[in-house]
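Scroll down for the structure; my scribbles are underneath it.
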Amino acid sequence: MPDWVEEGPFLLLYGFFLFGAFARSQTIYWLGRAVAAGTLRTRWADRVDTPRTRRASAAIDRWGLPVIPLSFLTWGFQSAVQVAAGLIRMRWLRYTLATVPGALAWAL
């Protein structure tokens, strides 16, 4: 690990990673919203409508909001959950509030 990470101020590094977690989750969510707005009716639908995305959508439908923060603790499934939240057109404020605990844990 680089010295500047080990010796750097914790709050500054934590803020950097927290910003990254929020920026990534919001970007992927809005990508899902854009896809839901029209891409599913094009030739790109088979690349978006994958088994992983369907599983993530089903998990959100079945388990509700706890799936979103818990997804931050996974690798791979996290992106699928974020895209699925956009695809099912989850309200932005509800999605953003659900990402807060996950982003806080991921940044730590």
Subject >> Linear extension gain, Ala23 paired with Arg62, 0.36 nm per residue minus alpha-carbon span >> reply: 11.4 nm
Original post:
Taking 1 over the mean of 1/r across every pair of different Cα atoms in the range 27-76, what Kirkwood radius in Å do you get?
Top reply: 12.0
Original post:
How high is the relative contact order of the range 1-82, given as a whole-number percent (alpha carbon pairs under 8 Å, six or more residues apart)?
Top reply: 27
Original post:
Taking the Cα centre of each part, how many Å lie between the range 19-46 and the range 58-96?
Top reply: 12
Original post:
Whole-Å semi-axes of the chain's equivalent ellipsoid, largest first, each the root of 5 times a Cα gyration tensor eigenvalue?
Top reply: 29, 14, 12
Subject >> C-alpha long axis of helix 51-63 to longest principal axis of the chain, angle in ° >> reply: 80
**OP:** Report in % the part of the accessible area of the range 1-96 that belongs to carbon and sulfur, leaving out ligands and nucleic acids; probe 1.4 Å.
**Re:** 65
Original post:
With the other protein chains left in place, how much accessible area per residue, in square angstrom, belongs to the chain at a 1.4 angstrom probe?
Top reply: 66
**OP:** Quickly work out the Arg47-to-Leu108 label distance, labels modelled 7 Å from Cα along the C-beta direction, and quote it in nm with one decimal.
**Re:** 3.8
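The values are calculated or read from the model by the stated rules, or taken from the named source; none is laboratory data. As the structure is a prediction and not an experimental result, all values here were calculated from the model. Cβ atoms come from the backbone with ideal geometry, glycine included; neighbour counts cover every protein chain shown. The area values use the complete protein model at the heavy-atom level, side chains included, leaving out ligands, DNA and RNA. Shrake-Rupley method; radii C 1.70, N 1.55, O 1.52, S 1.80 Å.
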